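K.L.:
One structure coming up, written as structure tokens, with questions to follow.
The values are calculated or read from the model by the stated rules, or taken from the named source; none is laboratory data. Remember, predicted model here, so these are calculated numbers, not experimental data. All Cβ positions, even for glycine, are placed from backbone atoms using ideal geometry, and neighbour counts span all protein chains on display. For the accessible areas, the whole protein counts, side chains as well, though only heavy atoms, and no ligand, DNA or RNA atoms are used. Shrake-Rupley method; radii C 1.70, N 1.55, O 1.52, S 1.80 Å.
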Amino acid sequence: MRKIIIAIDGYSACGKSSTAKRVAAALNYGYVDTGAMYRSVTLYFIEHYIDLTNPKSVSKALDNIEITFHHNESTGQNETFLNGLNVEAKIRDMEISQKVSEVAAIREVRLAMVKQQQKMGRSKGVVMDGRDIGSVVFPEAELKIFMNADFDVRAERRQKELFDKDQLVDLDVVKENLRKRDRIDTTREESPLIRPENSVEVDTTHMFLEEQVEHIVQLATTKMVDS
Ligand code: DC
């Protein structure tokens, strides 16, 4: 069977990352969480007081950013490293979630991240999730998934995810954040979130994680035989 690229795009908190991670494990593929890359850039910009309105400062800062993923043997999870430091927990904080869509809308940031993502998927055998994977990063991906779920379900899932990481955040605050990110992600000028051409829509509102994974693994297996 040939190795393929699986692009998973969709709104925040509809289960993309959890699904993508498990699909990658089931197929013995690599997994790239591109949201983690935009989150890491946001963390760096906050910590270094980068002026987001100044393209020169932004470009200079981007030159100093190296993002890598490493597998943690004890947790079995991939973790995100920013310039050699493990930032996996930090980049999931609400402070980052509040700012990340603004940073991800900056042209220079997108160009730099897309370049790295294309390099990471060059040898195929990869599952990549984000907002522009099937439309911009790998428009030629053999399998493109567009994930969605009801807004309230997404908000409850995100609140639970934060709670599991010891962050107690009011549901209204989570909803407000999701609403704002949806708006920025879908209306920004630079590669907005769209349903990519030739993508398969997966609505996860009434699906269990295992069902989502199985469905996508099946679609992938068909493509791996066909392509
Ligand atoms: O998937 P996430 O919630 O971790 O993504 C964080 C933010 O990064 C999200 O608001 C939009 C942005 N993003 C993007 O613009 N393009 C991607 N490929 C991935 C994420």
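K.L.:
Go through the range 59-85 and give me each residue that's open to solvent by less than 50 Å² (accessible area, probe 1.4 Å) and over 21 Å from the mean Cα position of the chain (by Cα).
P.N.:
Once the filter is applied, which keeps residues that are open to solvent by less than 50 Å² (accessible area, probe 1.4 Å) and over 21 Å from the mean Cα position of the chain (by Cα), the range 59-85 yields S59, A61.
K.L.:
Tell me which helices (runs of 4 or more DSSP H) are completely within the range 5-82 and hold 1 or more residues being within 14 Å of the ligand (Cβ to nearest atom) and not basic (K, R), or say none if there are none.
P.N.:
Those helices (runs of 4 or more DSSP H) span 16-27, 34-47.
K.L.:
Right, I184: over 28 Å from K99 (Cβ atoms) and either open to solvent by 30 Å² or more (accessible area, probe 1.4 Å) or at pLDDT 95 or above (or both) or not? Talk me through it step by step, then tell me what you get.
P.N.:
Working: over 28 Å from K99 (Cβ atoms): no; either open to solvent by 30 Å² or more (accessible area, probe 1.4 Å) or at pLDDT 95 or above (or both): yes.
When the stated conditions are applied, I184 does not pass them.
K.L.:
Then there's this: If a residue has to be within 30 Å of E140 (Cβ to Cβ), part of a helix (DSSP H, G or I) and more than 18 Å from the chain's Cα centre (by Cα) to count, how many in the range 157-197 make the cut?
P.N.:
Matching residues across the range 157-197 total 0.
K.L.:
Looking at N86, N54 in this structure, which one is more than 25 Å from K3 (Cα to Cα) and touching a strand residue (DSSP E or B) at 6+ places or on another chain (Cβ under 7 Å)?
P.N.:
N86
K.L.:
While we're looking at this one, here's another question. Checking V202 against (1) of a type in the set (A, V, I, L, M); (2) open to solvent by 80 Å² or more (accessible area, probe 1.4 Å); (3) within 15 Å of D129 (Cβ to Cβ): exactly one of these is not met. Which one?
P.N.:
(2)
K.L.:
Quick check, is S17 among the polar types (S, T, N, Q), surrounded by fewer than 21 Cβ atoms within 10 Å (Cβ to Cβ) and in contact with a strand residue (DSSP E or B) (Cβ under 6 Å, 6 or more places away or on another chain)?
P.N.:
Details: among the polar types (S, T, N, Q): yes; surrounded by fewer than 21 Cβ atoms within 10 Å (Cβ to Cβ): yes; in contact with a strand residue (DSSP E or B) (Cβ under 6 Å, 6 or more places away or on another chain): yes.
So S17 fits the description; yes.
K.L.:
Go through L111, L171 for me and flag whichever is at pLDDT 95 or above, in contact with an Asp or Glu (Cβ under 9 Å, 6 or more places away or on another chain) and open to solvent by 90 Å² or more (accessible area, probe 1.4 Å).
P.N.:
L111
K.L.:
OK, next. Please find, within the range 119-133, the residue that is farthest from the ligand (Cβ to nearest atom) out of those that are over 13 Å from Y38 (Cβ atoms) and in a helix (DSSP H, G or I).
P.N.:
The qualifying residue farthest from the ligand (Cβ to nearest atom) is K119.
K.L.:
What single numbered condition from (1) within 12 Å of the ligand (Cβ to nearest atom); (2) crowded, with 21+ Cβ neighbours inside 10 Å fails to hold for A105?
P.N.:
With respect to (1) within 12 Å of the ligand (Cβ to nearest atom); (2) crowded, with 21+ Cβ neighbours inside 10 Å, A105 is out only on (2).
K.L.:
Residue by residue through the range 136-157, note down the ones that are open to solvent by 40 Å² or more (accessible area, probe 1.4 Å), in contact (Cβ under 8 Å) with a residue 40 or more places away in the chain and within 15 Å of the ligand (Cβ to nearest atom).
P.N.:
Passing the criteria: V136, P139, R157.
K.L.:
Considering only the range 92-103, I want to know if a residue exists there that is outside any helix (DSSP H, G or I), farther than 18 Å from E201 by Cα and modelled with pLDDT under 95. It would help to see each step written out before you state the result.
P.N.:
At the first step, the residues of the range 92-103 found to be outside any helix (DSSP H, G or I) are 93.
Okay, now just the ones that are also farther than 18 Å from E201 by Cα, so 93.
So of that shortlist, the ones also modelled with pLDDT under 95 come out as 93.
For the range 92-103, residues outside any helix (DSSP H, G or I), farther than 18 Å from E201 by Cα and modelled with pLDDT under 95: present.
K.L.:
Is it the case that E210 is charged (D, E, K, R), under 19 Å from the mean Cα position of the chain (by Cα) and open to solvent by 70 Å² or more (accessible area, probe 1.4 Å)?
P.N.:
no
Residues are listed down the side, and each one gets a yes or a no for (1) under 16 Å from A155 (Cα atoms); (2) more than 14 Å from the ligand (Cβ to nearest atom):
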{"site": "L171", "(1), (2)": "yes, yes"}
{"site": "V174", "(1), (2)": "yes, no"}
{"site": "V202", "(1), (2)": "no, yes"}
{"site": "H206", "(1), (2)": "yes, yes"}
{"site": "V213", "(1), (2)": "no, yes"}
{"site": "I216", "(1), (2)": "no, yes"}
{"site": "T221", "(1), (2)": "no, yes"}
{"site": "V225", "(1), (2)": "no, yes"}
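Let's see how each residue does on (1) more than 30 Å from K56 (Cβ to Cβ); (2) buried (at least 17 other Cβ atoms within 10 Å of the Cβ); (3) within 11 Å of the ligand (Cβ to nearest atom):
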residue	(1), (2), (3)
E95	no, no, no
V100	no, yes, yes
Q117	no, yes, yes
F163	yes, no, no
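K.L.:
Further question: Please give the number of the condition M128 fails out of (1) open to solvent by 20 Å² or more (accessible area, probe 1.4 Å); (2) modelled with pLDDT of 95 or more; (3) not polar (S, T, N, Q).
P.N.:
(1)
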